[in-house]
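Here it is: the structure, laid out below.
The values are calculated or read from the model by the stated rules, or taken from the named source; none is laboratory data. This one's a predicted model, so the numbers in the text were calculated from it and none came from an experiment. Neighbour counts are summed over all protein chains in view; Cβ atoms, including those assigned to glycine, are modelled from backbone coordinates with ideal geometry.
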Amino acid sequence: MNARAHGAVLARGTIREAPEDFRVEERLGFEPDGAGEHLLVLVEKRGANTHWVARALAELACAKRVDVGYAGSKDRHAVARQWFSVRVGGRPDPDWDRLEVPGVRVLAAARHGRKLRHGAHAANAFELRVRRFEGERAAFEDRLRAVATQGVPNYFGPQRYGHDNLSRARDLFAGARVPRVQRGYALSAARSRIFDALLAARVGARNWNCLLPGDVANLAGSASWFVVDAIDGTLEGRVRAHDLHPTGPLWGRGDPPARGAVLDLERAVAAEHADLARGLEAAGLEHARRPLRLTPARLRWEIGRDDAVLAFELPPGAYATTVLHELIDFEDRGGSGAADHEAC
């Protein structure tokens, strides 16, 4: 269990008793071009895997699977609305009413000039129902307000690991043959484990949400980062405004850009997971960075007698269950191993 930043949770309940309890809507942040050889297709899926839907769209459009793109996987145990791109070239648009996948329907389609790439969307909007909610309302609402203003540690969490992604990563690094799709999940799980361990160490030291000399700072909403040599009032103000976030390593080849005590800590954590770190380097992954802090946007809530509904938006690559981890002790009836990588 990853260390919590806001203290012990103040409530408990159950999530994902039914797919309708966990809703996510992908926000692209741009409109289809209206012309081009690709179709942008908005799909609503209930209890369906993103990869299954992609294959079904390719088959109906008489396209190759590689000609279907999507910005990120969405939970199987959920009602999710997400966008796909399908390359159809000069062929007529498919009759999407002929799509016969249980729990899946096409809501809209429009021509577009480019394939939809991973991470191309702007945000994911969640609405989560917590059933059998138990907790003192005033204290819980205080915690919600603290999370809204201070953010939460940006853990990947158990959903990224599934039932056996970490063990599969160790098998891969030991020379076992692993199918391509499973290989990607295994490598992601190995990276996530090192990142989560580093973040937990900084949560324990109470410096996960501030910049230290030698930190690598991320500009919010972008992939831009820079090394911080010294801390001044301007930088501290930008961190308080959530314009800058400290980052941690997504392990791979190359030296981490951090310096001083921050670099020493990152190397020490990687040494504790040396088999994963060496395997990631040997697999050819390049070192990258991820913000240590996650700020849910537009957080709102409604608390009833027996349940609570929480709604918020997260950037690509962030996990709704990471926010819940700071709020409630929850039983996930959807299961961490049965879902796609959540809302990437």
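Would you check which residues across the range 125-156 are more than 30 Å from Ala189 (Cα to Cα) and touching a Ser or Thr at 6+ places or on another chain (Cβ under 7 Å) and list them?
Arg132
Related question: List the pairs whose first member sits in the range 131-150 and is over 16 Å from Arg12 (Cβ atoms), whose second member is surrounded by 12 or more Cβ atoms within 10 Å (Cβ to Cβ), and whose Cβ atoms are under 6 Å apart, counting only residues at least 6 apart or on separate chains?
Ala146/His6; Val147/Glu326; Ala148/Leu299
Conditions (1) crowded, with 18+ Cβ neighbours inside 10 Å; (2) among the aliphatic types (A, V, I, L, M); (3) out of contact with any helix residue (DSSP H, G or I) (no Cβ under 7 Å at 6 or more places or on another chain); (4) within 19 Å of Pro102 (Cα to Cα), marked per residue:
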position	(1), (2), (3), (4)
Asp21	yes, no, yes, yes
Val41	yes, yes, no, yes
His51	no, no, yes, yes
Tyr70	yes, no, no, no
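Of the conditions (1) under 28 Å from Gly7 (Cβ atoms); (2) modelled with pLDDT under 95; (3) not β-branched (Val, Ile, Thr), Arg143 clears all except one; give me its number.
(2)
Can you tell me which residue among Lys74, Lys64 is in contact with a strand residue (DSSP E or B) (Cβ under 9 Å, 6 or more places away or on another chain) and in contact (Cβ under 8 Å) with a residue 40 or more places away in the chain?
None of the others qualify; the one that does is Lys74.
Regarding the range 127-134, can at least one residue be identified that is outside any strand (DSSP E or B) and either modelled with pLDDT of 95 or more or buried (at least 20 other Cβ atoms within 10 Å of the Cβ) (or both)?
no
Among the residues of the range 224-257, write down those that are free of Cβ contacts under 8 Å to residues at least 24 places away in the same chain and surrounded by 14 or more Cβ atoms within 10 Å (Cβ to Cβ).
Answer for the range 224-257, where residues must be free of Cβ contacts under 8 Å to residues at least 24 places away in the same chain and surrounded by 14 or more Cβ atoms within 10 Å (Cβ to Cβ): Val228, Ile231, Arg238.
Just checking, how many residues over the range 275-326 are in a loop (DSSP other than H, G, I, E, B), surrounded by 21 or more Cβ atoms within 10 Å (Cβ to Cβ) and basic (Lys, Arg)?
0
Let me ask another. What are the pairs with Cβ atoms under 7 angstrom where one residue, in the range 197-223, is acidic (Asp, Glu) and the other, located anywhere, is in a strand (DSSP E or B)? Sequence gap at least six, or different chains.
Close Cβ pairs satisfying both conditions: Asp215/Pro246.
Then there is this: Just one of Ala190, Ala200, Ala169, Ala186 is assigned to a helix (DSSP H, G or I), out of contact with any helix residue (DSSP H, G or I) (no Cβ under 6 Å at 6 or more places or on another chain) and surrounded by 15 or more Cβ atoms within 10 Å (Cβ to Cβ); which is it?
Answer to the check: Ala200.
Is it fair to say Asp255 is more than 29 Å from Ala139 (Cβ to Cβ) and either over 23 Å from the mean Cα position of the chain (by Cα) or of a type in the set (S, T, N, Q) (or both)?
yes
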